[in-house]
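Presented below is the structure to which this report refers.
The values are calculated or read from the model by the stated rules, or taken from the named source; none is laboratory data. Source: prediction; values computed, not measured. Every residue, glycine as well, gets a Cβ built from its backbone with ideal geometry; the counts of neighbours run over all protein chains shown. Surface accessibility is based on the protein's heavy atoms, side chains included, excluding ligands, DNA and RNA. Shrake-Rupley method; radii C 1.70, N 1.55, O 1.52, S 1.80 Å.
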Amino acid sequence: MGKSQIWVAAFLLLWATPAMGDDDVVALSEKSFEEEVGKDRGALVEFYAPWCGHCKKLAPEYEKLGSSFKKAKSILIGKVDCDEHKSICTKYGVSGYPTIQWFPKGSLEPKKYEGSRTAEALAEFVNAQGGTNVKLATAPSSVVVLTAESFDRVVLDESKDVLVEFYAPWCGHCKSLAPIYEKLASAYKLEEDVVIANVDADKYKGLAEKYGVGGYPTLKFFPKNNKAGDDYNGGRDLDDFVAFINEKSGTSRDTKGQLTSKAGIVENLSELVKEFISAGEDEKKAVLSRIEEEAEKLKGSSARYGKVYLKAAKSTVEKGADYAKKEIDRLQRMLEKSINPTKADEFTIKKNILSTFVA
């Protein structure tokens, strides 16, 4: 098969497959729309444009709906990108975004949804149309809720980096931020020295005044070394928040809360490892001693990483140059099993550090 044939095959495969995004809403293409909608289940379809502000505001509510109906076999919660798939949107008379339409089981004659754009209202509509009784999914919150009594104890703790959202319950922008902020808190729930918190500034006006809060939401970052607080002026997408926390707190998480390939890496130790693996047998012990010296200087979580570096170096001396590769393979097999998140973090960090020992 030539290069052009491979590209065509890859394109057709992507075009034909009903893609699942990061959420539980099915992203429909021309082909998958024909295969999924109007068949053996009812379908609620959002026709949207990526640049549409109202669509972005709806997104977290629609995701919540998709997550709730994920296991309902008689219901499809889908979406169509009208910039990418114009023909579908034209076919169904879409002239504004977002447009939400209900397609009954076995029918391609849609009913336009005219109700409120909340997950609760959408769920009520889908249950009524589809004859289901699905309850909205609720997940335990990872956001630390602050009060006047707990604020100082949590925020001024010099062992923690704390991001605080000052919000008001009636604030529309706060409501839009809420699901993103929840995902951020979930992503860092295993980081012991990172806290994602919020405080009802309408209820605790004294705290709002103390920290100069003049609008909602206001976000302030209280790092370990500055409990006066710094204004957060960055973007309000999840990617923006994650990049900010990783930079300020020295963490290495992605938007799903998984550790990245940088987690556990200590640059000066990694440089010594390069010397270690290229050194002759007589020189290895001298480099090993330097690794031990540098590891002993580390503090906090870095001290834990230093111990992993040192153990890996000693095991390489004792078991041979292929020790790191074998151990990485073993850890990967463990990660592919069902293990708790704390163990997964531990194994990922070990894998990352061991990778520096592989020439």
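Key figures for this structure:
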| read-out | value |
| --- | --- |
| Those residues of segment 234-261 which are among the hydroxyl-bearing types (Ser, Thr, Tyr) and crowded, with 16+ Cβ neighbours inside 10 Å, in sequence order | Ser249, Thr251, Ser252, Thr255 |
| Single unsatisfied condition, Ala321 versus (1) surrounded by 14 or more Cβ atoms within 10 Å (Cβ to Cβ); (2) touching a residue at least 12 places away in the same chain (Cβ under 8 Å) | (1) |
| Any hit, segment 182-197, residues being over 27 Å from the mean Cα position of the chain (by Cα), of a type in the set (Lys, Arg) and in the same structural domain as Asp152 (by the TED database) | no |
| Of all residues in segment 33-86 being under 23 Å from the mean Cα position of the chain (by Cα) and among the β-branched types (Val, Ile, Thr), the one that is farthest from Leu122 (Cα to Cα) | Val80 |
| Residues satisfying the stated conditions in segment 98-133, i.e. in contact (Cβ under 8 Å) with a residue 12 or more places away in the chain, farther than 22 Å from Lys39 by Cβ and open to solvent by 30 Å² or more (accessible area, probe 1.4 Å) | Arg117, Thr118, Glu120 |
| Condition met for Thr90 (among the hydroxyl-bearing types (Ser, Thr, Tyr), at pLDDT 95 or above and under 19 Å from Val126 (Cβ atoms)) | no |
| Selection from segment 163-175 of residues that are touching a residue at least 40 places away in the same chain (Cβ under 8 Å) and open to solvent by 40 Å² or more (accessible area, probe 1.4 Å) | Tyr167, His173 |
| Test: Leu310 is more than 25 Å from the chain's Cα centre (by Cα), aliphatic (A, V, I, L, M), at pLDDT 95 or above and more than 20 Å from Arg253 (Cα to Cα) | yes |
| Odd one out for Asn198 among (1) within 13 Å of Val144 (Cβ to Cβ); (2) open to solvent by 50 Å² or more (accessible area, probe 1.4 Å); (3) among the polar types (S, T, N, Q) | (2) |
| Conditions (1) buried (at least 17 other Cβ atoms within 10 Å of the Cβ); (2) under 24 Å from Glu294 (Cα atoms); (3) within 32 Å of the chain's Cα centre (by Cα); number of the one not met by Thr316 | (3) |
| From Gly280, Gly300, residue being out of contact with any His (no Cβ under 8 Å at 6 or more places or on another chain), of a type outside the set (A, V, I, L, M) and surrounded by fewer than 11 Cβ atoms within 10 Å (Cβ to Cβ) | Gly280 |
